[in-house]
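Read-outs throughout are calculated quantities, based only on the coordinates presented, and are distinct from any laboratory measurement. Worth saying up front: this structure is predicted, and the values here are computed from it rather than measured. Cβ coordinates were reconstructed from backbone atoms using ideal geometry, including for glycine residues, and neighbour counts include every protein chain displayed.
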Amino acid sequence: MKIRVALVDDHAMIREGLRSLLEKNAFIEVVGEAATGIECLAMLEAWRPEVVIMDISMPELNGIETTREIARQWPMVKVVILSVHSTTEHVSQAFGAGAMGYVLKESIGKELLMAIRVAHGARRYLSEKIEATGWRYASPGVAKSPLESLSRRERQVLQLVVEGHASVEIAARLDLSAKTVETYRSRLMQKLGLSDITGLVKFAIQHGLTPL
């Protein structure tokens, strides 16, 4: 039986490369592609993948938040995160959101194939380069991310704000009032100890919420 795999990345060339790599293997069937987390969530019911290969930094809804939604709505679907980030915080965020694998983009050959097999078997896979640093899942010494202080809605508002969307536009996207969006923005900036949009953008990039 082939493992049904979906690809989620905002770069078409990367998706094309991943599809080419994966379809050379008899045990994998690529059942769908998406350029955003929102598109992925909308198509999961139609695709019915067993494993989703997820980019971590995407516009509108980043890979961490998309993974969290998949774990909540489709717990049988396994997510393998693909990322250029190798920091403890990024890895911890990914596994904390429900990912079963974390692979660095520089190691997407055999490692990605192994990660798909391992995740499909309901076991966690961590890129060898990161594992070599001594990182361990749920290690008590790992510091919590400041993002954990934010609610799901605050994280959504944060990403859309740093992408340059106005409060009225964010309100329409999230089915909120503009005043409520402003309240969320003020609250999340207070929680993060930030005073301006420039600081908010830097924070979002550092924490992998949005691409450069």
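With contacts taken as Cα pairs under 8 Å and at least 6 residues apart, the stretch 41-179 reaches a relative contact order of 20 percent. Here the alpha carbons of the stretch 1-117 define both size measures, Rg and Dmax, at 12.6, 36 Å. Does the stretch 11-60 come out rounded, prolate or oblate, given a ≥ b ≥ c as the square roots of the eigenvalues of its C-alpha gyration tensor, rounded meaning a/c under 1.5 and, failing that, prolate meaning a/b above b/c? Cα axes put the stretch 11-60 in the oblate bin. Mind running the shape call on the chain? Use the C-alpha gyration tensor, a ≥ b ≥ c as the square roots of the eigenvalues: rounded below 1.5 for a/c, prolate if a/b tops b/c, oblate otherwise. Cα axes put the chain in the prolate bin. At full extension, GLN73 and ALA46 could sit 8.3 nm farther apart than now, given 0.36 nm per residue minus the alpha carbon distance. Centre-to-centre, using Cα atoms only, the stretch 92-135 and the stretch 1-26 are separated by 16 Å. Residue separation of ARG187 and SER151 scaled by 0.36 nm, minus their Cα-Cα distance, works out to 11.9 nm of gained length. Multiplying the residue separation of LYS129 and ALA166 by 0.36 nm and subtracting their alpha-carbon distance yields 9.3 nm. To the nearest ten degrees, helix 152-162 and the longest principal axis of the Cα atoms of the chain are 80 degrees apart. Evaluated over the chain, the count of Lys pairs having alpha-carbon atoms less than 27 Å apart is 23 (only pairs 8 or more residues apart or interchain). When each of the peptides 28-38, 192-202 is scored by how many other beta carbons lie within 10 Å of its residues on average, the order from highest to lowest is 28-38, 192-202.
Once the Cα atoms of helix 37-47 and of the chain are each reduced to a long axis, what angle between those two axes, in degrees from 0 to 90 to the nearest 10, is obtained? Once rounded, one gets 40 degrees. Taking GLU23, GLU163, GLU60 in turn, the Gaussian network model of the chain (Cα-Cα springs below 10 Å) assigns the largest fluctuation to GLU23.
In terms of overall dimensions, the stretch 146-206 has a Cα radius of gyration and Dmax of 10.5, 29 angstrom.
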